[in-house]
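Structure, as C-alpha cells:
The values are calculated or read from the model by the stated rules, or taken from the named source; none is laboratory data. No experiment lies behind these values; they were computed from the predicted model shown. We place every Cβ from the backbone using ideal geometry, glycine too, and count neighbours over all the protein chains shown. All accessible areas refer to the heavy atoms of the entire protein, side chains included, with ligands and DNA or RNA removed. Shrake-Rupley method; radii C 1.70, N 1.55, O 1.52, S 1.80 Å.
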Amino acid sequence: MSVEHGPRTAPPTFLQLAGQPLRWQVLRELARSDRQVRELTRVLGQPQSLVSYHLGRLRAGHLVSMRRSSFDGRDAYYRVDLARCREGLAEAGGALHPGLAFVPPPAETCAARGRSVRVLFLCTGNSTRSQIAEAMLQHLTGDAQPAAVEAYSAGTQPRSVHQNAVKVMRERGIDISSKRSKHLSRFARRRFDYVVTLCDRVREVCPEFPGGPERSHWSIADPALEGGTDEESYPAFQRTAAEIENRVHFMLSVIRQQTARR
C-alpha cells in the first residue's frame with residue numbers, strides 16, 4: 001500500500017528565524033523593551049559574539065531593527081518589529097492548516113478590576129513623544145467611567161508642546177492643543193503599573209517609582225531634531241506618531257491580558 005505525500009516545502013521564514021531557541025529568547029526580551037547588546041548578553045547569559053550573531057540573523061529577516069542611541073552614539077538599541085512578527089505567525093499558522101490562521105482578539109475596552117491601570121510615559125521635553133503616547137493610550141481605551149486605564153506623561157526638561165505634535169494628532173482625530181508639559185518630579189511619589197521611557201537620555205536618569213512598576217524603553221528619536229523648518233520636519237513627526245501608535249496598540253494588548261488575570 002503506497003502513501004501519497006504532498007510536495008515538500010520548507011517551513012515559513014518566520015519559523016526558521018524565530019524557532020531557534022536563543023533567537024526566540026532574544027525576541028521575547030525585545031518584545032518587553034528595546035535593549036542594548038550588553039543587556040541582552042547579561043539577561044540571556046550568553047557570549048556577546050553569539051548574541052550579536054543571532055541579532056544579525058533577525059535583522060536580516062527584518063524581525064529586528066537597530067538605531068544608535070541619541071544619548072550616547074557609541075551605544076545602539078535593538079527593537080523587535082511586532083507587527084511583522086504577527087504577520088509571520090499568521091502566515092505560519094495558515095501554511096500548516098487553514099484552521100490555524102491567526103485571528104486577532106477582539107479590541108474591547110480593557111475592563112479593570114478594582115482600580116485603574118496607571119501608565120506613565122517619559123521623554124526629555126514632554127513636548128512630542130510622551131504627549132503622543134499619552135494621548136494615544138487615552139484615545140484607545142475610550143471614555144469609560146471609571147477609567148480602565150489612566151495615562152500620564154512628563155519630561156526631565158519640559159518644553160512647550162510642539163505644534164507639529166498637535167497637528168499630527170489632529171490628523172488622527174485627537175486634540176492635544178490644550179495639553180501642557182509637566183516635570184517628572186510631579187509624579188515622583190505616584191504609583192504606576194507601567195513606566196515607559198521614549199528617550200535614550202531619560203532612560204539613563206529615570207528614577208525608581210513606588211511599588212516597582214514594570215519598566216520598558218522605546219528608543220524613539222526626537223522628530224524635532226530633524227532640523228529645518230516645522231514644515232520640513234513634519235514627515236519625521238508623522239513617522240514618530242505612526243511608530244508610537246503601533247507600540248501603544250501592542251502595549252494595550254499586554255495590559256488587557258494582565259488585567260484579565262487579576
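Key figures for this structure:
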| read-out | value |
| --- | --- |
| Hits in region 44-60 - residues which are open to solvent by less than 70 Å² (accessible area, probe 1.4 Å) and in contact with a strand residue (DSSP E or B) (Cβ under 8 Å, 6 or more places away or on another chain) | Leu55, Leu58 |
| Residue in region 134-141 that is closer than 21 Å to Ser69 by Cα and either open to solvent by 40 Å² or more (accessible area, probe 1.4 Å) or more than 21 Å from the chain's Cα centre (by Cα) (or both) present | no |
| Flag for Arg191 being surrounded by fewer than 20 Cβ atoms within 10 Å (Cβ to Cβ) and touching a Gly at 6+ places or on another chain (Cβ under 7 Å) | yes |
| Complete set of residues in region 207-217 that are under 25 Å from Val64 (Cα atoms) and either free of Cβ contacts under 8 Å to residues at least 24 places away in the same chain or not basic (Lys, Arg) (or both) | Glu214, Ser216, His217 |
| All positions within region 63-94 that are assigned to a strand (DSSP E or B) and not basic (Lys, Arg) | Val64, Ser65, Met66, Ala76, Tyr77, Tyr78, Val80 |
| For Ile220: the one exception among (1) open to solvent by 30 Å² or more (accessible area, probe 1.4 Å); (2) closer than 24 Å to Arg67 by Cα | (1) |
| Residue in region 8-21 that is under 27 Å from Thr197 (Cα atoms) and open to solvent by 20 Å² or more (accessible area, probe 1.4 Å) present | no |
| Filter pass, Glu243 being free of Cβ contacts under 8 Å to residues at least 40 places away in the same chain, more than 16 Å from Cys123 (Cβ to Cβ) and either open to solvent by less than 10 Å² (accessible area, probe 1.4 Å) or out of contact with any helix residue (DSSP H, G or I) (no Cβ under 7 Å at 6 or more places or on another chain) (or both) | no |
| Any hit, region 55-78, residues being in contact (Cβ under 8 Å) with a residue 12 or more places away in the chain, over 23 Å from the mean Cα position of the chain (by Cα) and under 27 Å from Glu214 (Cα atoms) | no |
| Boolean, Ser160 is modelled with pLDDT of 90 or more, buried (at least 22 other Cβ atoms within 10 Å of the Cβ) and hydroxyl-bearing (Ser, Thr, Tyr) | no |
